[in-house]
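Below is one structure, written out as structure tokens; comments come after it.
Every read-out reported here was derived from the displayed coordinates using simple, explicitly stated rules and does not represent laboratory data. Quick caveat, the model's predicted, so the values are computed rather than measured. Neighbour counts run over all protein chains shown; Cβ positions are idealised from the backbone, glycine included.
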Amino acid sequence: MDKKYKICFFSGDISRNGGTERVATQIANGLNERGHEVFFLSYSGGNTSHYFLDNNIKLYSLGLENASGFFSRKLSPYKRLTKFLKEKETDIIVDIDVLLSLYTLPIKSVTGVKVISWEHFNLLENKVKTRVLARRLATLFSDCIVTLNKSDRENYLNITPRKNRKNIRYIYNPAVSHSNIKTNLENKQVIAVGRLTYQKNFERLLKLWKETEKRNDDWKLIIVGEGEGKSTLDNLILENNINNVSILGFRDDIETLYERSSIMVMTSRFEGLPMVLLEGQKKGLPIVAFDCPTGPAEIVVNDKNGYLIDYNNDRDFINKLDGLMNNQRKLKEFSDNAINDADRFNLDTIIDKWVELVNSLFK
């Protein structure tokens, strides 16, 4: 029988409602169900979780939300973290963001805790100096770095000393659905989901949609998300007379919107492992996505469950989307394949991978 461990998930603030926090709570719940003692520690805040957590998963905080002055900002986190990990007799700490390795790795030898650095972006993007430093330290001192996909694992292998390359793994995020309802492909609706930010590149999507709707004026596009780019997108819609598009903002009924759509699209500049594609796939949505780094290529199997488009080929994106909107047989074929392929991202399958990783740290 596998030994059970005390596992701390270390977060910036687990009360946030982002995708990183959602996945972390899913993995924590899964490890808790497998018998491990799991708890969360937030750098600041974190007294509640936005997402469901099992009742016996406790929440703690370093209480550094109002830290000011040299001691509080530079030294206090290490002192408080060391004390916490020792008091809880922690076996493993999972840095939910590699950036947090800046705090856990310097005290690793003092606490004796195994450190898992969990990369939620991709190595080629988000090159803030502190994050670059954290990633470098992780390649040298973490017991394991977990990337979201195979492609980013390869990226990490290229910057990791040979003796440490065995510590680089990839584990997909799980796709979780709260209902078994799938799209019936009857609604002429295309859906795109994500924060209205530079990364998601919805400006490009609107320009592509302007061309697409000319030949498909009975279809509509919905963009689900909020963010600082909202006014820019609103202006683009008005200036270009784009008619069949709506920006809905954040929605709690996102699964219902998937179920009422027939195609999902993505035009991101970069991704980690795009959860919205996994969620859409689980609902049977065919996908049309640009092959940006990284993630879509590990979800979309070209011409099987959707179309993976060369990032620089706008015309191909328009043509493939147009063709799919006017081919019910192909829509049904892609939808069936999407549902079958979604098994790779089932929660139980992903938890099995995490259990295997946890056990491997002590062999």
| query | Projected onto the charge dipole of segment 90-185 (+1 at Lys/Arg Cβ, -1 at Asp/Glu Cβ, origin at the Cα centre), which of Ile96, Ile116, Val132 gives the Cα projection farthest towards the positive end? | reply | Val132
| request: Using R₀ = 45 Å, calculate the FRET efficiency as 1/(1 + (r/R₀)^6) where r is the Cβ-Cβ separation of Val110 and Asp348; round to 0.05. | output: 0.80
| query | Hey, in the GNM for the chain with a 10 angstrom Cα cutoff, which one of Trp219, Trp118, Trp209 fluctuates hardest? | reply | Trp219
| Taking square-rooted eigenvalues a ≥ b ≥ c of the alpha carbon gyration tensor, is segment 177-249 rounded, prolate or oblate, where a/c under 1.5 means rounded and, failing that, a/b exceeding b/c means prolate? | oblate
| Label-point separation, Val132 to Arg195 (7 Å along Cα→Cβ), nm | 2.2
| task | Would you mind getting me the FRET efficiency between Asp316 and Leu140? Use the beta-carbon distance for r and R0 = 51 Å, nearest 0.05. | result | 0.75
| task | Going by C-beta contacts inside 10 Å, put Glu255, Glu119, Glu89 in order with the fewest on the left. | result | Glu89, Glu255, Glu119
| Rounded if a/c is under 1.5, else prolate if a/b beats b/c, else oblate: with a ≥ b ≥ c from the C-alpha gyration tensor eigenvalues square-rooted, which is segment 189-345? | rounded
| note | Exposure proxy check on Met266, Met325: fewest-to-most Cβ neighbours within 10 Å is Met325, Met266
| message | Using the crude model of +1 on Lys and Arg Cβ and -1 on Asp and Glu Cβ, and no other charge, please compute the dipole size for segment 1-108 relative to its Cα centre, in debye to 20. | response | 400
| What does a probe at Glu228 reach in segment 198-219, counting residues whose amide N is under 17 Å from the point 7 Å along Cα→Cβ? | 198-203
| field | Ranked list, fewest to most other Cβ atoms within 10 Å of each Cβ, for Ser268, Ser179, Ser61, Ser101 | value | Ser179, Ser61, Ser268, Ser101
| For segment 43-188: rounded, prolate or oblate by the Cα gyration tensor [a/c cutoff 1.5] | oblate
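Scan segment 1-107 for chymotrypsin sites (Phe, Trp or Tyr not before Pro) in coil per DSSP, keeping those whose Cβ has at most 11 other Cβ atoms within 10 Å, and list them by number.
Here the chymotrypsin sites (Phe, Trp or Tyr not before Pro) that fit, given the DSSP loop and packing criteria, are Phe52.
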| query | Under a 5 Å amide H to amide H cut-off, with H placed in plane at 1.01 Å, what residues pair with Phe9 once short-range neighbours are removed? | reply | Phe39, Phe40, Leu41, Val94
| remark: In whole Hz, the Karplus estimates of ³J(HN,Hα) for segment 48-64 (6.51, -1.76, 1.60; θ = phi - 60°; x where Gly or Pro) are 9, 10, 5, 9, 4, 10, 4, 4, 8, 8, 8, 10, 10, 9, 6, x, 9
| field | Gained length - Lys214 relative to Asn326, 0.36 nm times residue gap less alpha-carbon distance | value | 39.0 nm
| message | Beyond a 32 Å Cα-Cα separation, which of these cross-linked pairs lie in this structure: Lys3/Lys304; Lys166/Lys330; Lys129/Lys282; Lys210/Lys332; Lys79/Lys127; Lys6/Lys283? | response | Lys3/Lys304; Lys166/Lys330; Lys129/Lys282; Lys6/Lys283
| message | With mean projected area of the Cα convex hull in nm² as the read-out, I listed [x] 20.0; [y] 19.0; [z] 21.8; which label goes with the value calculated from this structure? | response | [y]
| request: Identify which of Leu308, Leu137, Leu248 has the largest mean-square fluctuation in a Gaussian network model of the chain, with springs joining Cα atoms closer than 10 Å. | output: Leu248
| field | Among Ser15, Ser262, Ser109, residue whose mean-square fluctuation peaks in a GNM of the chain (springs only between Cα atoms under 10 Å) | value | Ser109
